[in-house]
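*Asks:* The structure follows.
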């Protein structure tokens with residue numbers, strides 16, 4: 001066990017690129033994740049189920065056992081050199097943060113960006129981490145040569161709430177500074193308000209303050225998404241609610257039930273709220289932010305889902 005209480009395991013992979021096959025995401029064909037598992041331990045994380053493939057506990061071990069795909073750069077280089085490769089856009093970080101702290105040791109994400117640039121392959125990357133600044137020059141170079149955009153995940157300006165929901169993630173202020181720095185470097189940068197947590201981060205004031213801060217720091221709202229309660233996230237979520245917000249526990253159980261998704265009326269309320277805020281404060285030259293397509297969060301393109309209906313409260 002490492003000093004930070006996370007065990008890191010080196011693994012070799014046969015492929016670096018994951019093919020995305022979904023009619024809901026017609027513009028997304030390829031994803032890439034340098035790591036499996038994530039030290040952040042975000043309460044709402046939808047990717048916990050991926051640890052069940054290794055017969056690991058998605059609640060306890062997703063954030064304490066992290067796999068590093070040590071041969072991923074060489075595999076990616078080989079895949080991109082194939083004559084059949086058409087230089088389609090690659091989406092980095094769809095199931096785990098590519099800039100979680102261990103990237104400082106392995107530098108897999110840095111290698112990936114360099115290879116994509118050298119092979120003239122466009123990419124997007126989503127992260128919660130300030131370490132992205134380390135690779136700003138690479139990102140700018142990739143953007144100029146093939147196309148690149150960065151998305152910073154940020155769901156609230158409340159530092160205390162953010163810390164409780166995302167225990168090992170840089171503060172909202174630090175992430176906004178990344179947005180500002182990347183914008184000044186003319187690297188396309190947006191913010192993903194994902195997920196919006198009902199009863200915690202969804203009020204008009206919270207969303208307005210957040211969206212205003214995003215624009216004030218030179219960013220735009222790329223997309224937003226309402227929290228979906230997947231089976232392997234349920235235990236972590238309800239344990240958190242019982243400890244921090246017990247008044248919401250029965251509400252979440254009632255609203256999400258066994259389906260894991262809020263009702264359409266709530267979705268319409270949030271959509272109208274964000275559109276109203278955006279029309280009031282956003283620069284006219286930018287389009288309105290959009291929700292993710294119905295059916296899931298951005299990680300769930302190429303891997304199966306568990307549909308257990310266990311209740312915690």
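*Asks:* Which residues, taken from region 235-250, are out of contact with any helix residue (DSSP H, G or I) (no Cβ under 7 Å at 6 or more places or on another chain), in contact (Cβ under 8 Å) with a residue 60 or more places away in the chain and within 13 Å of residue 200 (Cβ to Cβ)?
*Replies:* Passing the criteria: 237, 240.
*Asks:* Pull up region 196-236, narrow it to residues that are in a helix (DSSP H, G or I) and either touching a strand residue (DSSP E or B) at 6+ places or on another chain (Cβ under 7 Å) or crowded, with 22+ Cβ neighbours inside 10 Å (or both), then point me to the one that is modelled with the lowest pLDDT.
*Replies:* Per the stated criteria, the residue is 232.
*Asks:* Further question: Among the residues of region 127-142, are any touching a strand residue (DSSP E or B) at 6+ places or on another chain (Cβ under 9 Å), over 17 Å from residue 185 (Cβ atoms) and either surrounded by fewer than 21 Cβ atoms within 10 Å (Cβ to Cβ) or at pLDDT below 95 (or both)?
*Replies:* no
*Asks:* Also: Return the residues of region 3-19 that are over 13 Å from residue 73 (Cα atoms) and either surrounded by fewer than 17 Cβ atoms within 10 Å (Cβ to Cβ) or modelled with pLDDT of 90 or more (or both); say none if nothing qualifies.
*Replies:* Once the filter is applied, which keeps residues that are over 13 Å from residue 73 (Cα atoms) and either surrounded by fewer than 17 Cβ atoms within 10 Å (Cβ to Cβ) or modelled with pLDDT of 90 or more (or both), region 3-19 yields 3, 4, 5, 7, 8, 9, 10, 18, 19.
*Asks:* Of everything in region 157-195, what is more than 18 Å from the chain's Cα centre (by Cα) and assigned to a loop (DSSP other than H, G, I, E, B)? Give them in sequence order.
*Replies:* Once the filter is applied, which keeps residues that are more than 18 Å from the chain's Cα centre (by Cα) and assigned to a loop (DSSP other than H, G, I, E, B), region 157-195 yields 158, 185, 186, 187.
*Asks:* Then there's this: It is to be established whether one or more residues within region 116-126 are in contact with a helix residue (DSSP H, G or I) (Cβ under 8 Å, 6 or more places away or on another chain) and either closer than 27 Å to residue 241 by Cβ or free of Cβ contacts under 8 Å to residues at least 24 places away in the same chain (or both).
*Replies:* No - not one qualifying residue is present in region 116-126.
*Asks:* Just one of the numbered conditions (1) surrounded by fewer than 19 Cβ atoms within 10 Å (Cβ to Cβ); (2) over 20 Å from the mean Cα position of the chain (by Cα) is not true of residue 104; which one?
*Replies:* (2)
*Asks:* Ok, one more. Of all residues being surrounded by fewer than 16 Cβ atoms within 10 Å (Cβ to Cβ) and closer than 23 Å to residue 42 by Cβ in region 259-279, which is modelled with the lowest pLDDT? Just the residue, please.
*Replies:* The residue in question is 259.
The values are calculated or read from the model by the stated rules, or taken from the named source; none is laboratory data. In this text, all values refer to a predicted model and were calculated from it rather than measured experimentally. Please note: Cβ atoms are built from the backbone with ideal geometry, for glycine as well, and neighbour counts cover all protein chains shown.
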